[in-house]
Every structure is written in structure tokens, then in C-alpha cells.
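Single-structure report; data block below.
The values are calculated or read from the model by the stated rules, or taken from the named source; none is laboratory data. Quantities reported herein were computed from a predicted structural model and do not represent experimental measurements. Virtual Cβ from ideal backbone geometry, glycine too; neighbours counted across all protein chains shown.
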Amino acid sequence: MFSYSHSFNNNPTPTPKNQTLTNWLKVFKKYEKYLDKNSIVVGHSLGPAFLLNVIEKLNHPIKAVFFVAGSISPLNNPKFDKLWETFINKPFDWNKIKQNCKKFYVFHSDNDSYVPLEKGKELANNLDIDLIFVKNAGHFNKDAGYTKFDLLLEKIKKEL
């Protein structure tokens with residue numbers, strides 16, 4: 001299993017400055033070789049949009065992907081939309097994405113102050129799966145008081 005944030009000394013992003021899809025892909029390049037049929041990956045916030053771009057380009061399927069509080073369209077928040085632009089400003093090839101992953105999970109909360117619930121529903125709909133709704137989880141981060149995610153751990157264990 002590959003943990004993106006831990007590979008960067010617990011920095012939540014691989015490129016704290018100049019965050020673009022191109023820059024994230026450059027950093028990820030050396031880890032790409034570890035994605036195989038047994039891989040399980042987790043993306044949070046901007047992570048799902050990044051992982052969709054990665055999965056779309058694979059030549060083989062991976063085992064499972066867990067998306068938490070993600071979006072594939074603008075958030076209607078000028079502060080964040082500029083950051084997300086390079087990750088989502090394109091049509092995704094949903095057929096290719098679904099061919100390249102055996103199982104998807106999308107988690108979203110009703111009180112996320114950054115990514116509205118509708119964005120999680122949109123992502124789940126494009127993947128043809130049901131959204132996993134988690135009440136009062138905010139953005140699934142420490143600021144929202146969400147420091148433990150047992151449901152995610154339970155679902156990951158089922159995929160192992």
C-alpha cells in the first residue's frame with residue numbers, strides 16, 4: 001500500500017508551492033512503478049482529482065481506490081478553484097478509469113466547509129457507485145475534529 005502524505009514527511013501535499021497537476025505528477029513519477037493489481041490507494045480533498053488523473057493513464061488495473069471529500073468540478077470558491085484548476089479542467093475518461101480499478105469508494109460529509117456534498121455525489125455518479133455518507137465529518141480532518149476514520153479502515157481491511 002502506498003501512502004502519499006507519509007512519503008513527504010507528513011506534508012499533506014507533495015509540492016507545497018506551485019501545486020499543479022504537472023508538478024504533482026513529476027513527484028509521483030518515482031512511485032508509479034509500485035502501482036499494481038494489489039494496490040490500494042487513498043486520496044483526500046485534492047487527492048481524488050489527482051488519483052483520477054493517475055488511474056486514467058495506467059496500462060493495468062489496481063485493486064481499490066478510496067476517495068474522501070473530493071471533487072471533479074470547481075468548488076465555486078475562488079480561493080481553491082485556482083488551485084484545483086489543473087487537476088480537474090479536462091474531461092475524464094470514465095470508462096478508462098473504471099477499467100483501471102476494480103473497486104471504488106467515495107466518502108463525503110454533509111458539513112464539509114470546503115467541498116460541498118454535491119461534489120461527492122457527482123464523483124460517485126461518474127463512477128457508477130453509491131456515495132458513502134458520513135454525517136458531521138466536516139472535511140475529514142483535524143480542524144473538523146475528525147482524527148479517526150474507522151469506517152475507512154474497515155473498508156480497506158475488507159479489500160486486503
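Taken over the range 106-128, the residue count meeting the criterion of being closer than 22 Å to Pro74 by Cβ and either of a type in the set (A, V, I, L, M, F, W, C) or outside any helix (DSSP H, G or I) (or both) is 15. Just one of the listed residues (Leu52, Leu58, Leu35) is under 11 Å from the mean Cα position of the chain (by Cα) and either at pLDDT 95 or above or under 29 Å from Lys157 (Cβ atoms) (or both), and it is Leu52.
Kindly indicate the residue of the range 134-160 that is hydrophobic (A, V, I, L, M, F, W, C) and in contact with a Ser or Thr (Cβ under 8 Å, 6 or more places away or on another chain) and also farthest from Lys103 (Cα to Cα) among those meeting that condition.
We begin by selecting, within the range 134-160, every residue hydrophobic (A, V, I, L, M, F, W, C); these are 134, 137, 140, 144, 149, 151-153, 156, 160.
Filter once more, keeping what is in contact with a Ser or Thr (Cβ under 8 Å, 6 or more places away or on another chain): 134, 137, 140, 144.
Values: Val134: 19, Ala137: 23, Phe140: 21, Ala144: 28 Å.
Looking at the filtered set, the residue picked out is Ala144.
Just give me the residues in the range 118-160 being on the phi > 0 side of the Ramachandran plot and surrounded by fewer than 18 Cβ atoms within 10 Å (Cβ to Cβ), in sequence order.
Residues satisfying the conditions are Asp128, Asn136, Gly145.
Looking at the range 94-105 only, could you name the residues that are out of contact with any helix residue (DSSP H, G or I) (no Cβ under 8 Å at 6 or more places or on another chain) and part of a helix (DSSP H, G or I)? Matches in the range 94-105: Asn95, Lys98, Gln99.
Give Val115, Val65 a once-over and let me know the one that is within 16 Å of the chain's Cα centre (by Cα), modelled with pLDDT of 95 or more and over 26 Å from Asp36 (Cβ atoms). Give the steps one after another, and end with the answer.
Numbers: Val65 fails: over 26 Å from Asp36 (Cβ atoms).
None of the other options fit; the residue is Val115.
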